[in-house]
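Coordinate-derived values only; no laboratory data. Remember, it's a predicted structure, so these values are computed and weren't measured experimentally. Note that each Cβ is placed from the backbone with ideal geometry, even for glycine, and that neighbours are counted across all protein chains shown.
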């Protein structure tokens, strides 16, 4: 875990966001999809669904391709779109700007699409786990630090942490940070073999939950220092005031039953952000709708964040997005930033029956207007990786 005492005092803020998701493309449609429970679900493209238990995946609705130089990887077009939206939102044009802009891409699969549904595996330039980072850097003429973070389903959030460090160590003027993964038969087969995929709706924290749906998506944030944002006179969505990383060191696919890694991550984020438990208005959960994850995460919230007996207010966007793997942390962080902006918490959709083992307020089925100032975003990944981000209004 990083020692927050060694981090410089530079305040890191978000000045641009871009997203392509099963809930919608672009921040406006994405936000509307979260509030309405809209999810673009289709049959898996590579197999006959009648032979499968899980018969749906969450896809990004394809739109007209953006024009980006040298965007040669078709499966990464949603990442190109999201990056372009984020840069435009932040008022940054790297090709003509003197700003040194870098990129960190979180991914579980490297955006790799085996292309089985096309009759043969396609392995163009997008063949290595770090390929999306370098291809996006080339597409947008980025000259700052370029890296990929393969931290499984926590990768999108961990990428944001890594980008913060580059800025605080003055290695870049701005950073694109986020996550990207596309639908592939490889994770589908893996999650299916572990009996984590559902043949029902995704019902996080519900007593009858039976798992998640595989999703795809891309979400990117533009990060820079508060001083830089003020100098450029651009909008600021929020400050990323703290972060924490914690490992379960328990099992390759199961979370620690006492949620030790996630508790450690949340505690570190609070300490770094000089924030009290009572100051947390809302927690955006990893919330996979699996029995083990939701139970463990609920325990972590109640042990680490429950003040004065009040239930922790939380929700899971995976009820709409499905599990977007390496993109999940970044896309869901964008949802949190929009929640701060619009003063409203998107709900946990498809909720039917409370589970006594998930003793939290999961904001069921209806958006909840709230005055939000401070949010914790939690992400977890196979191998026991846990990441917590502390987001706050400036």
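A viscosity of 1.002 mPa s and a temperature of 20 °C, combined with the Kirkwood radius over C-alpha pairs in the Stokes-Einstein formula, give the chain a diffusion coefficient of 105 µm²/s.
Note: the stretch 201-241, Cα convex hull, 122 Å³ per residue. Using bins of 10 Å that start at zero, the share of Cα-Cα pairs per bin across the stretch 319-394 amounts to 16, 44, 37, 3, in whole %. If a spin label sat at a point 7 angstrom from the Cα of residue 354 along the line to its beta carbon, the backbone N atoms of the stretch 308-330 nearer than 19 Å would be those of 308-316. Extension gain, residue 258 to residue 28: 0.36 nm times the residue separation minus the Cα-Cα distance gives 79.0 nm. When peptides 16-27, 189-200 are sorted by average Cβ neighbour count within 10 Å, with the highest value leading, the order is 16-27, 189-200.
Got a sec? How would 250, 237 order by Cβ neighbour count within 10 Å, fewest to most? So the ranking, lowest neighbour count to highest, is 250, 237. Take every Cα pair under 8 Å whose residues are at least 6 apart in sequence, average their separation, divide by the length of the stretch 240-392, and the relative contact order is 36 percent.
Rounded to 0.05, the FRET efficiency of the residue 170 and residue 138 pair, given R0 = 22 Å and the Cβ-Cβ distance, is 0.35. At the listed q of 0.11, 0.21 Å⁻¹, the Debye profile of the stretch 249-394, built from one uniform point per Cα, gives log10 I(q)/I(0) equal to -0.36, -1.51.
The residues 153, 387, when put in order of fewest to most other Cβ atoms within 10 Å, stand as 153, 387.
Label-to-label distance, residue 186 versus residue 36, with points set 7 angstrom from Cα along the beta-carbon direction: 3.5 nm.
Counting alpha carbon pairs within less than 8 Å and at least 6 residues apart, what relative contact order, in whole percent, applies to the chain?
Relative CO of the chain lands at 22 percent.
Among 154-167, 352-365, the peptide with the highest mean count of other Cβ atoms within 10 Å heads the list, and the full ranking is 154-167, 352-365. Taking every DSSP bridge with both residues inside the chain, close to 65 percent are antiparallel. Per-residue ellipticity at 222 nm computed for the chain from its helices equals -8500 deg cm²/dmol, with DSSP H segments shorter than 4 residues left out and the rest contributing -39,500 (n - 2.57).
Packing around the peptides 174-181, 98-105, taken as the average count of other Cβ atoms within 10 Å per residue, puts them in this order, highest first: 174-181, 98-105.
With a simple spin-label model that places each label point 7 Å from the Cα along the Cα-to-Cβ direction, the separation between residue 343 and residue 249 comes to 4.5 nm. Going by neighbour counts of Cβ atoms within 10 Å, the residues 245, 128, 391 line up, fewest first, as 128, 245, 391.
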